[in-house]
Amino acid sequence: MANVPSITFIGGGNMCEAILSGLLKTGHPTSHVRISEPFDQRREYLRTKYGVDVVESNGDAISGKQGMSVSSGVSCDVVVLAVKPQVVGDVVRGVAGEL
């Protein structure tokens, strides 16, 4: 799809799910969404409910190099930091090389 941004969410909690749900309802393709989420159960829930790629590693979610099935070969245009304010600094430092 031309001109459809590929969006990576760092953090798969409630904020991510609310935005993701709205995006998909408006027709944003699942092939242009990736999520990183540290918790196994939550990863499986998001993967099953929304049909998007969900991985454990923030860097892998941004780069799309590991564990992608739906969004394989799609580069990341937008990164949404959907994490708690107290961890934003750590997250940004951790992914700085991928941005």
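Descriptive notes on the structure:
- The residues in the range 78-99 that are open to solvent by 40 Å² or more (accessible area, probe 1.4 Å) and either modelled with pLDDT of 90 or more or not in a loop (DSSP other than H, G, I, E, B) (or both) can be counted, and the count is 15.
- Residue count for the range 5-18, restricted to those that are over 18 Å from residue 87 (Cβ atoms), in contact (Cβ under 8 Å) with a residue 24 or more places away in the chain and either open to solvent by 30 Å² or more (accessible area, probe 1.4 Å) or of a type in the set (Asp, Glu) (or both): 1
- Residues (modelled with pLDDT of 95 or more, in a helix (DSSP H, G or I) and open to solvent by less than 40 Å² (accessible area, probe 1.4 Å)) located in the range 30-58: 43, 46, 50
- Qualifying residue in the range 13-25 (condition: out of contact with any Lys or Arg (no Cβ under 8 Å at 6 or more places or on another chain), among the acidic types (Asp, Glu) and at pLDDT below 90): no
- No other residue among 27, 12 is on the phi > 0 side of the Ramachandran plot and either among the basic types (Lys, Arg) or outside any helix (DSSP H, G or I) (or both) apart from 27.
The values are calculated or read from the model by the stated rules, or taken from the named source; none is laboratory data. These figures come from a predicted structure and were not determined experimentally. In this analysis, Cβ positions are derived from the backbone assuming ideal geometry, glycine residues included, and neighbour counts consider all displayed protein chains. Remember, those area values only see protein heavy atoms, side chains included, never the ligands or the DNA or RNA. Shrake-Rupley method; radii C 1.70, N 1.55, O 1.52, S 1.80 Å.
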